[in-house]
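Below is one structure; the comments refer to it alone.
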Amino acid sequence: MIKGSCCCGAVKFELLKQPSMMGTCHCTRCRKVGASTIVFVKKEDLKWVQGKEQVVVFQPHPPYKYERCFCKLCGTSLGEILSDLASFPIAANALDSGLDVKNSHHEFVDEKPAWYKICDDAKQSKDHPTT
């Protein structure tokens, strides 16, 4: 079991299985909300321990379409943890336990700041990867 939480501890959750994939987004929006590295989880593998009511949703403005969730007390980025989809990304930085999954891709690499170096061999794309 993988434990996850926000910085202040108000939000706690568990993943019953390892995430299916990890990726890093270099778009300006993901960098600003502190959720560049994400893991994909299945809805049935997410178990809330406490604090679901402490999670707020940021509604994006076009051209962005994905909502982002945060702890309303400390601001920790949680990815799309309130999604109703069967599989969705959550912020890897919110996980407290180790993972067996490794970074598989980098997306929006043209928006990567010059000071950041990609130091792995994961696939790179200019937008969302196709698979």
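The values are calculated or read from the model by the stated rules, or taken from the named source; none is laboratory data. Computed from a predicted structure; not experimentally measured. With ideal geometry, Cβ positions are generated from the backbone for all residues, glycine too; neighbour counts draw on all protein chains shown.
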* Keeping to segment 92-102, report how many residues are in contact with a helix residue (DSSP H, G or I) (Cβ under 9 Å, 6 or more places away or on another chain) and part of a strand (DSSP E or B). => 0
* Checking Y66 against (1) over 18 Å from K17 (Cα atoms); (2) touching a Ser or Thr at 6+ places or on another chain (Cβ under 8 Å); (3) assigned to a loop (DSSP other than H, G, I, E, B), the condition it does not meet -> (2)
* To do: For segment 103-121, state whether one or more residues are assigned to a helix (DSSP H, G or I), in contact (Cβ under 8 Å) with a residue 24 or more places away in the chain and under 21 Å from I2 (Cβ atoms).
  => no
* Structure fact -> Among the residues of segment 89-117, the number that are within 17 Å of S77 (Cα to Cα) and either among the charged types (D, E, K, R) or at pLDDT 90 or above (or both) is 8
* To do: Determine whether E44 is in contact with a strand residue (DSSP E or B) (Cβ under 7 Å, 6 or more places away or on another chain), acidic (D, E) and either surrounded by fewer than 14 Cβ atoms within 10 Å (Cβ to Cβ) or at pLDDT below 95 (or both).
  => no
* Asked: Quick one: what pairs do we get from segment 78-90, first residue part of a loop (DSSP other than H, G, I, E, B), second of a type in the set (F, W, Y), C-beta under 6 Å, 6+ apart or different chains?
  -> E80/F88
* From the options E14, E44, E53, residue that is of a type in the set (D, E) and part of a strand (DSSP E or B) -> E14
* To do: Could you run through segment 87-127 and say how many residues are aliphatic (A, V, I, L, M) and within 15 Å of the chain's Cα centre (by Cα)?
  => 7
* Neighbours by Cβ (under 6 Å, 6+ apart or cross-chain): first from segment 17-39, without any contact (Cβ under 8 Å) to a residue 40 or more places away in the chain; second assigned to a loop (DSSP other than H, G, I, E, B) and surrounded by fewer than 20 Cβ atoms within 10 Å (Cβ to Cβ) -> R29/Y64
* To do: State whether the residues of segment 67-88 include one that is at pLDDT below 90 and either more than 25 Å from C8 (Cα to Cα) or surrounded by fewer than 17 Cβ atoms within 10 Å (Cβ to Cβ) (or both).
  => yes
* Structure fact -> Residues of segment 122-131 being of a type in the set (S, T, N, Q) and part of a loop (DSSP other than H, G, I, E, B), in sequence order, are S125, T130, T131
* Asked: Do the conditions hold for F70, that is, is it of a type outside the set (D, E), within 14 Å of T24 (Cβ to Cβ) and touching a residue at least 12 places away in the same chain (Cβ under 8 Å)?
  -> no
* To do: Please verify whether segment 50-60 includes one or more residues that are modelled with pLDDT under 90 and crowded, with 20+ Cβ neighbours inside 10 Å.
  => no
